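Worksheet: the structure to be examined is printed underneath.
The values are calculated or read from the model by the stated rules, or taken from the named source; none is laboratory data. Please read these numbers as outputs of a predicted model, since none were measured by experiment. Ideal geometry is used to build each Cβ from the backbone, glycine not excepted, and the neighbour counts take in all protein chains shown.
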Amino acid sequence: QVLKQPDVLMLLYLLNDRYDQETLRVNWDYYTPRTDLAYGSSLGPPIQALLTARLGESEVAYEHFMHAARTDLKDVRGNSADGIHAALAGGLWQAVAFGFAGLQLDGEGHTVDPQLPAHWKRLSFSVLQRGEKIDLVLSHRGSAEGG
C-alpha cells in the first residue's frame, strides 16, 4: 500500500504542540516508507524535509528539501510550463523556517532550534508575530535576533 502524501505527518506538523518527538518519530518511521515522494503529491517532500529537520537529521532533511525544490527548477514532473506548484513553494519556505531554523511560534512568543545542514553557513529571515517584526540570524554557533 502506497500513500500519495504524508497526511498523518502533516497533521503532526500542524498540531505539533500536542505531540512529542517520540510520537513524531514512531509515525515518521511508519509512514515515510509507505509514502510516494517521487510521484505523489508535491506537498510531501517539503513536509518530509521540515519534519526530518525537527527530528535532528538535517542532512537527510536537505535531501528532501532539494528533491522538492527540483520539482519546478528542473521540471521533474514535466508540468512546470503550466505554472509553479505554489503549495510546494510555500512548503519549501515552511521547511526553511520551521524545519531548518526550528522556529516555533505560540501565544507566549517564539523559540528557535536551528538544524542547519552542515554546508549552510547561516540562515537569516524575518517573520511577523502579532504585528512585531522579528529578524532572525541563525548559524551553527547559535542564533541572534533583532526586532
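Just give me the residues in the range 1-45 being among the polar types (S, T, N, Q), surrounded by 15 or more Cβ atoms within 10 Å (Cβ to Cβ) and free of Cβ contacts under 8 Å to residues at least 60 places away in the same chain, in sequence order. Give the derivation first.
The first filter runs over the range 1-45 and keeps only residues among the polar types (S, T, N, Q), leaving 1, 5, 16, 21, 23, 27, 32, 35, 41-42.
Remaining after also requiring surrounded by 15 or more Cβ atoms within 10 Å (Cβ to Cβ): 5, 16, 27, 32, 35, 41-42.
Within the range 1-45, GLN5, ASN27, THR32, THR35, SER41, SER42 qualify.
Tell me yes or no: at least one residue of the range 29-39 is touching a helix residue (DSSP H, G or I) at 6+ places or on another chain (Cβ under 7 Å) and at pLDDT 95 or above.
Within the range 29-39, none of the residues are touching a helix residue (DSSP H, G or I) at 6+ places or on another chain (Cβ under 7 Å) and at pLDDT 95 or above.
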